[in-house]
Structures are given as structure tokens and as C-alpha cells.
Amino acid sequence: MKPISRRGMLGRAGVIATTVAGGFPLTANAAEPSFEATGPGSRRKVKVVVTGGHPGDPEYGCGGTIVRYTDLGHEVVLLYLNRGDWSDRPGYDPSPARVAEAANACEILKARPVFAGQHDGKAVVDQAHYHEFQSLLETEQPQVVFTHWPIDNHADHRAISMLVYEAWLRMGRKFALYFYEVSNGEDTVQFTPTHYVDISTCVSRKRSACYAHASQSPDKYYALQELVTRMRGAESGHKQAEAYVRHVQSPDFSLPLAT
Ligand SMILES: [Zn+2]
């Protein structure tokens with residue numbers, strides 16, 4: 001267990017207070033690598049990696065937060081576990097279309113797509129894949145990583161959550177680790193947020209990024225996700241918000257702030 005400095009303790013108290021009062025944290029934990037607040041005026045640019053089981057998951061779960069980061073000039077990578085190559089039509093490979101959709105979504109969000117090279121519906125979590133995935137994150141050198149909440153009804157979502165978690169441990173817990181929710185009830189279950197990001201000003205770009213995945217029934221999935229962001233907004237005092245669980249042993253990290 002690491003000692004926590006007084007300044008660090010004050011930082012943690014500040015996070016709790018601002019999260020309750022304003023819906024998003026403001027402070028960094030001085031006991032850990034110190035990341036400046038990511039609000040306007042901050043000169044430090046950070047690398048953010050948002051991971052997802054499939055093309056579309058980061059956009060649906062974190063699209064508004066991604067816009068908030070990229071609008072502030074931070075670099076965001078969307079790291080997809082696979083290229084969406086699953087299909088119930090024999091002989092049909094949908095991955096070229098799914099990759100093109102992901103490229104369009106990333107362009108809307110001003111993010112960069114990366115693919116981890118696994119196969120849709122056949123996620124593998126073993127020593128070789130832990131090592132491979134860790135190498136990907138080591139290449140990107142992020143200060144903060146978002147991934148699926150691990151209690152999820154889709155095996156690919158659980159898989160990338162575990163791959164991220166293991167990489168986080170093996171890399172010395174040096175980046176901030178947040179879990180997100182997607183398709184609640186169908187996929188994510190038992191999710192109780194610790195942090196919120198106000199996305200009220202950027203819902204149209206989030207929606208466009210989600211609808212860039214035109215092959216994936218966006219009317220159905222976006223409607224569900226918007227219900228969730230409206231609920232999270234009501235909880236946190238905003239019109240719409242995205243919600244996260246920060247790992248309790250994660251470095252504190254400022255989520256993007258309101259302008
Ligand atoms: Zn998915």
C-alpha cells in the first residue's frame with residue numbers, strides 16, 4: 001500500500017467534493033504522477049486511449065467525453081479489440097465496412113483508430129494476448145485509459161476489460177483507469193458511477209459518431225444510450241452526462257472540464 005501525501009489526500013477530497021457538487025473532478029493526486037487539469041488554459045497535452053470490444057463501443061459509451069478531450073487539444077486513440085468481422089451471413093466478411101465506419105466516426109471525434117487484431121465474437125484472453133495487448137498500450141503511452149465495466153453480458157467486452165486491467169497492473173498502474181457503460185441491461189450490468197462528464201454541449205457530435213456505424217442499427221442502440229446519458233445527467237445535475245467508475249487504486253486524473 002502506498003503512503004498518501006497530505007496534498008494527495010486533499011486532492012482526493014477535492015475530487016469527491018467537486019464530483020458531488022459539479023459532476024466532474026478538478027484535481028490531480030500529488031501522490032501519483034501529476035497530471036494537470038485538462039480544462040481551458042492547461043498547457044499539458046495528454047494521451048487518452050478509449051478501448052472497446054467492437055467498432056462503435058467507445059463512441060456509444062464515451063463519445064461525448066472524447067469530444068471534450070479533443071476539443072481541448074488532447075490526443076485520443078480509439079482502440080478496438082476487433083474489426084467487427086462477425087456475421088450471421090455465411091461467407092460474408094463485414095470488417096471492411098466496419099473499419100470504414102470506425103474511420104468516419106473517429107474523424108468526427110478527431111480521434112485515431114487502432115485495432116488490436118482479435119476476432120469479433122471470439123475474444124481470447126491468455127498470456128500471449130495479455131502480452132500483445134500490453135505492447136499496444138506501451139506503444140501509445142497513455143495517461144488515461146477507458147475500458148468496459150467488466151460485468152458485461154458480451155464476452156468481447158469482458159475480454160478487453162481484462163486485457164486492459166492486466167496491462168494496467170503490469171505497467172505499474174501508471175495511467176488512470178476508468179470503466180464505462182454501454183447498452184445497459186443488454187451488455188453492461190450493475191454499474192454504479194463514481195465520476196460524471198457533462199456532455200450537454202457535444203451530444204450532436206457524439207450522435208454523428210454513433211450513426212457513422214450505420215450497419216449497427218444506430219436507431220436502436222443510440223436511443224438506449226441516450227436514455228442512459230439523460231439519466232446520468234439527471235443524477236449529476238446536467239442535461240446529459242457520461243458516467244464512469246474510476247478504479248480505486250488508479251491515479252487521480254482530471255476528466256475534461258466544462259468551458
Ligand atoms: Zn460491443
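In region 63-166, what percent of the accessible surface is made up of carbon and sulfur (1.4 Å probe, ligands and nucleic acids excluded)?
52
Can you tell me how much longer the chain between residue 93 and residue 247 gets when fully stretched, taken as 0.36 nm per residue apart minus their C-alpha distance, in nm with one decimal?
Contour length minus Cα-Cα distance gives 51.8 nm.
Would you mind working out the accessible area per residue for region 90-205, using a 1.4 Å probe, and quoting it in Å²?
44
Given a Förster distance of 35 angstrom, what is the FRET efficiency for residue 215 paired with residue 171, based on the Cβ-Cβ distance and rounded to 0.05?
Result of the calculation: an efficiency of 0.55.
Hey, can you grab everything whose amide H is under 5 Å from the amide H of residue 83? Only 5+ residues off in sequence or another chain; H modelled, so Pro and N-termini drop out.
Under 5 Å from the amide H of residue 83: 120.
With the Cα gyration tensor of region 174-259 giving a ≥ b ≥ c as the square roots of its eigenvalues, does the rule (a/c under 1.5 for rounded; else a/b larger than b/c for prolate; else oblate) give rounded, prolate or oblate?
It is prolate, given that a/c is not under 1.5 and a/b is the larger ratio.
Determine the distance separating the Cα centre of region 49-69 from the Cα centre of region 198-219; give it in Å without decimals.
10
Please list, or write none, the lysines whose alpha carbon is within less than 17 Å of the alpha carbon of residue 206, excluding same-chain residues fewer than 8 places away.
Result set, ordered by chain and number: 110, 220, 239.
The values are calculated or read from the model by the stated rules, or taken from the named source; none is laboratory data. Remember, predicted model here, so these are calculated numbers, not experimental data. For neighbour counting, all protein chains shown are included, and Cβ atoms are generated from backbone atoms with ideal geometry for every residue, glycine included. We work out accessible area using only protein heavy atoms, side chains counted, and drop any ligands, DNA or RNA first. Shrake-Rupley method; radii C 1.70, N 1.55, O 1.52, S 1.80 Å.
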